[in-house]
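Working notes, beginning with the structure itself.
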Amino acid sequence: MKERMIKLLRLVAIVLVAMLVGSVGAAAGPADGNSGEGGGQGQLEEQKVRARPVFEIEGVVFTDADETRNLLVVGVVNKGLAKAVEQRLKQLGIPLSSVEIVETKPIVFVTTLQDNGPPEGGLQIAFVDGGLAYLCTLGFNAVRAGVKGFVVNSHCTTDQFKVDGTNHYQPWLSPSTNLIGNEIADPSSFKCNVKGKKCRYSDAAYDQLADKVQVTLGSIAKPTGVNDGSLEIAGSFSIVGEAAGETVEGTILNKVGRTTGWTRGPITKSCVDTGVFRTNILLLCQDFVKAGVGGGDSGSPVFQITSDNDVTLYGILWGGASDGSFFVYSPILNIEKDLGELTTFGAAVTGSDLAVSKAVDNATPSEGDTITYTVTLTNKGPDDATSVVVTDQLPDGVSYLSDDGGGAYTPATGVWAVGSVANGVTATLTITATVDADTSGQTITNTATITAAGQTDPDSTNNSASADITVASATTGTMHVGDLDGSSNASGKKGWKATVTITVHDASHALVADATVSGSWSNGASGTATCTTDSSGQCSVTSKRISNSEGSVTFTVNTVTHATLTYRPADNDDPFGDTIAVLKP
């Protein structure tokens, strides 16, 4: 089986990128008649952004704002492209006197073969694409939106810049127990004013850990030596921080990859827009580092050593030179632009963040009304929760009728024995009760609280929730719809209109004036309508013109409001309740 795997792996091409080797010539002269200089740093950055359409020319590798020389540097795969680049820059209004065009080898993704140990930054991972096995390097462990996992290159998945659920194994595809995670986040590319190109800030995707896989947050494998090709692990580096702000050329950075091990060198270019050779991909604001790289190092964590084994995370490597002389990486700030906030070091978030919420279906009931409380429990992770208990004992003023807990809720104590709740799962309980007599005018608060769980809860601020009801005052009284009458009449040759007259009564069936009725039309008509009752307790609403093709329409009373009376739909006297159908004349 192992020999078969090795044969499969040998099918994978070793494709590398190359570094800048020389200039096509001196800075191009002012062929456009413009001899102005590049201007300050801000203007130079603006020119770099404006120059992005040059990537529409096949063979343009990168654009770089070189602040030290105040030049916009454009890298091309051969000097024959210089004239086409100059013409495009002139069209974009960029003075050629502030441009240098240099020859460089193409930059492509680095993916190939080899071997190594357990899940931590710098070690080998394997995946399948198109029936072939590929090897990359695991970037770094992290927690994203409460989900434990790790960051890999997007091009080390089946579909780049798309969530496809790629499975990653460590170190080999077999046995199946080698599965360590599957892809859950890999944002789509976006347009950036470059015809035919897909843009993103990073070549990064996120995997959630497979079941029972445990990792150490912030851990990166440490080989026995630097820049010597050693793959033997002597210990681990520990991430203690992340790079903030723009990177500085000359900063010494390190990477650990499954092919060339631990290499180190200076940043030679920062925030370089980089085109990937023979693809339609453009990665914005990438950094170049003069340090060794080889096929299969894609995904290597990039970092700066601060002291001993403590390191600051800078990003994730995705490309390198064909002669192994430099690599390209996506900065951590760019990765978080694409994937969202990541926790990459410190104490990992553990336990189960349980949150409870509470709602009631009628916040202003009257004495004797039936109300329903809904308790919602959500496990926000990152771990599954067990032995969960929520206590919701009904307060004085309401009396228990029923619940849908299937025996898990005990009315006498208010204990809801929820039990196990997996990460990301929600459990609900509804409790039906009646409003007691002699409670009019009172505000009654019902509270649900998480009182037990088998795991630590990292956030206790969401462990309790309440819902209030305010019982209608006895002196206020109630009202209802006493009658609904419908009529219709022709409206021109092609239509008709419907009219509904509403009569409002109080609890003693006396007519109610100054009640505002609101309702809606449906089943052939649309829109809402409002009217206010007169001294006869009546008001009318009329529809817009209705097509003759409609044989009837429906009007429904939604609410009735009054300064001193409360609307009780349950008391409506009309045989049709709150809805009436009006027939075409």
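Only the coordinates and a few stated rules stand behind these numbers; no lab work does. Note that the structure is a prediction, hence the values are computed from the model and not measured.
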Task: Residues with amide H under 5 Å from that of D573, placed H, sequence gap 5 or more - done: V481, G482
TODO: Tabulate in residue order the Karplus-calculated ³J(HN,Hα) for the stretch 92-109, using 6.51 cos²θ - 1.76 cosθ + 1.60 with θ = phi - 60°, rounded to whole Hz; enter x for Gly and Pro.
DONE: 7, x, 9, x, 5, 5, 9, 10, 10, 10, 10, 8, 8, 7, x, 9, 9, 6
TODO: Could you please state, rounded to a whole Å, how far the C-alpha centre of the stretch 392-422 is from the C-alpha centre of the stretch 40-59?
DONE: 64
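Determine the calculated [θ] at 222 nm for the chain from helices alone, applying -39500 (n - 2.57) to every DSSP H run no shorter than 4 residues and normalising by the residue count; nearest 500 deg cm²/dmol.
Numbers: 4 runs with 36 residues, N = 585.
For the chain, the value works out to -1500 deg cm²/dmol.
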Task: Residues whose placed amide H lies under 5 Å from that of F277, excluding near-sequence neighbours - done: I107, V108
Open item on the list: Show me, for the stretch 201-217, the HN-Hα J-couplings you get by feeding each phi into the Karplus relation (A = 6.51, B = -1.76, C = 1.60, θ = phi - 60°), rounded to Hz, glycine and proline as x.
Closed with: 8, 8, 9, 9, 9, 10, 10, 8, 5, 5, 4, 6, 7, 10, 9, 9, 5
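Kirkwood hydrodynamic radius of the chain from all distinct Cα pairs, in Å?
After inverting the pairwise mean of 1/r, the radius is 29.5 Å.
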Task: Amide proton proximity set for A321, modelled H, under 5 Å, gap of 5+ - done: V17, F326
Open item on the list: How large are Rg and Dmax for the stretch 478-583 when calculated on the C-alpha trace, in angstrom?
Closed with: 13.9, 45
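Taking the alpha carbon gyration tensor of the stretch 111-209, what are the square roots of 5 times its eigenvalues, largest first, to the nearest whole Å?
After scaling each eigenvalue by five and taking roots: 24, 16, 11 Å.
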Task: Span from the the stretch 427-453 Cα centroid across to the the stretch 240-297 one, whole angstrom - done: 59
Task: Cα long-axis angle, helix 82-91 against the chain (0 to 90 degrees, to the nearest 10) - done: 40
Task: the stretch 352-470: Rg to Rh, with Rh as the Kirkwood radius over Cα pairs - done: 1.01
Task: Residue-by-residue Karplus 3J(HN,Hα) for the stretch 407-424, coefficients 6.51, -1.76, 1.60, Hz, glycine and proline x - done: x, 6, 9, 10, x, 4, 9, x, 7, 10, 7, 6, x, 8, 9, 5, 4, x
